[in-house]
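A.B. asks: First, the structure itself, so that you have it in front of you.
Just so you know, all these numbers are worked out from the coordinates, no wet-lab data involved. If you're wondering where the values come from, they're calculated on a predicted model, not measured in any experiment. Ideal geometry is used to build each Cβ from the backbone, glycine not excepted, and the neighbour counts take in all protein chains shown.
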């Protein structure tokens, strides 16, 4: 075996063959410009500020790609300025090589901060470039569709739908979503609304009265629509183990889809104890970055449903590896999408390629009201499902009027 054939075989273990062939066909695409894309910080669209940052890469053949992270701008801009010298002039099609080079550079800082998230944004932009160069949607480069359409649930997280909130209109929300074919909802009764037991006790204690009061929106939904809707609970990583156990046990009669992030993921043994002691599936966590943190979680049997955020975990490359690793443990994947539109697009392409896809987050207020302010072609759920665009790359089409109005501005960080 020659050195060239050995290296090619080793690369195949990291990238699907479609991506390798596309990279070879595209040839070197030198990154000649790196831009930070900013959204006007004082603007709000129906109460929501676009608190994302995009990274735009331009190559010597004029092909551009865009990636994203969130929330905020200044910390990400600072990280981009620090990392840009490692990126400018590099071949955008060498996705794995550049990921590894940046990762080792930033490994002197704690993982998961602005440095890791800029690595993520760069990785997403590279996949966008490769797809455009190959004339293929990103999901094709990841191995093609493992399923034709992706089931979604709707996250509330304080965002109303037509004025309806989870603690005031649970029945109406469930009926609204079901009419659109969306058969899942995620709510936050323990740190939203009138009970807000977390705020009262700091996540270290919950009374029997608070446990019962927090069940009210769940009980009202079940009474209104029965088992037609799946209900997930997000606890925002605010609780200790005893409280998490109490909450989980109180929820067991209600057929809960999953209990998400009851505790911080800084002690996975505690999660192992929780998963062992409750019948409700445990879901964690968009807060983790890189396959290395997720590996430990799988090995300790601390999770039943794995959630990752493509714009936080290390990018499309890392999300695919995390999901494939989860599949070896027979654990399903449920991407987190509560950020900007590039996350929405990237998650669809990634999820479409996964054989262990479970269900994907969606936010009605974002894809219906916020994203269309900036993009021409926002995918929206149809009968409870979404599909990624078929156009090359991620398929994102920015509205020119957003640039002309000053709602979106671009700052050159590095240029050859």
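A.B. asks: For segment 144-386, what proportion of DSSP beta bridges, expressed in % and rounded to the nearest 5, is antiparallel?
C.D. replies: Percent antiparallel among DSSP bridges in segment 144-386 is about 15.
A.B. asks: Summing -39500 (n - 2.57) over the DSSP H runs of n ≥ 4 in the chain and dividing by its residue number, what mean residue ellipticity at 222 nm do you reach, to the nearest 500 deg cm²/dmol?
C.D. replies: -11500 deg cm²/dmol
A.B. asks: Looking at the chain, what % of its DSSP beta bridges pair antiparallel, to the nearest 5?
C.D. replies: Percent antiparallel among DSSP bridges in the chain is about 55.
A.B. asks: Which of the peptides 281-288, 353-360 is most tightly packed, and how do the rest follow, going by the mean number of other Cβ atoms within 10 Å of each residue?
C.D. replies: Top of the packing list down: 281-288, 353-360.
A.B. asks: Each label point is 7 Å from the Cα along the Cα-to-Cβ direction; what then is the distance between the points at residue 241 and residue 168, in nm?
C.D. replies: 4.0 nm
A.B. asks: Could I ask something else about it? Give me the three principal axis extents of segment 144-386 from the C-alpha atoms, as integers in angstrom, largest value leading.
C.D. replies: 49, 42, 29
A.B. asks: Give me 345, 294, 176 ranked fewest to most by other Cβ atoms within 10 Å of their Cβ, as a rough exposure proxy.
C.D. replies: Ascending number of Cβ neighbours within 10 Å: 176, 294, 345.
A.B. asks: While we're looking at this one, here's another question. So how many Å³ per residue does the convex hull of the Cα atoms of segment 371-416 work out to?
C.D. replies: About 114 Å³ per residue, rounded to a whole number.
A.B. asks: Additional query: With a point put 7 Å past each Cα toward its Cβ, work out how far residue 324 is from residue 249 in nm, to one decimal.
C.D. replies: Each label point is offset 7 Å from its Cα along the Cβ direction, giving 4.2 nm.
A.B. asks: Okay, moving on. Using only Cα atoms, locate the centre of segment 167-240 and the centre of segment 89-104, then give the distance between them in Å, rounded to an integer.
C.D. replies: First find each Cα centre; the distance between them is then 43 Å.
A.B. asks: Next question. In the P(r) worked out for the chain, what percent of Cα pairs fall beyond 34 Å?
C.D. replies: 30 percent
A.B. asks: Using per-residue counts of other Cβ atoms within 10 Å, averaged over each peptide, order 335-343, 183-191, 310-318 from highest down.
C.D. replies: Answer by packing, highest mean first, reads 310-318, 335-343, 183-191.
A.B. asks: For residue 42 and residue 269, what is the calculated FRET efficiency with R₀ set at 45 Å and r taken between the beta-carbons, to the nearest 0.05?
C.D. replies: Once rounded, the FRET efficiency stands at 0.50.
A.B. asks: Output the 0 to 90 degree angle, nearest 10, between the alpha-carbon long axis of helix 290-299 and the longest principal axis computed from the alpha carbons of the chain.
C.D. replies: 40 degrees
A.B. asks: How many percent of Cα pairs in segment 294-389 exceed 19 Å?
C.D. replies: Counting pairs separated by more than 19 Å, the tail of P(r) holds 40 percent.
A.B. asks: Would you order 269, 391 from fewest to most other beta-carbon atoms within 10 Å of each residue's own beta-carbon?
C.D. replies: Least crowded to most crowded, the residues run 269, 391.
A.B. asks: How far apart, in nm, are two points set 7 Å out from the Cα along the Cα-to-Cβ line at residue 397 and at residue 101?
C.D. replies: With each label placed 7 Å out from Cα toward Cβ, I get 3.5 nm.
A.B. asks: A follow-up question, please. Mean projection of the alpha-carbon convex hull of segment 106-181 over all orientations, in nm²?
C.D. replies: 8.8 nm²
A.B. asks: Let me ask you something else. Cα axis of helix 170-179 to longest principal axis of the chain: angle in degrees, 0 to 90, nearest 10?
C.D. replies: So the inclination is approximately 50 degrees.
A.B. asks: Hey, another quick one. Give the angle, between 0 and 90 degrees and rounded to the nearest 10, that separates the Cα long axis of helix 74-83 from the longest principal axis of the Cα atoms of the chain.
C.D. replies: The angle comes out near 40 degrees.
A.B. asks: Suppose the chain between residue 369 and residue 300 were pulled fully straight at 0.36 nm per residue; how much longer would it get relative to their current alpha carbon spacing?
C.D. replies: Result for the pair: 20.8 nm of gain on full extension.
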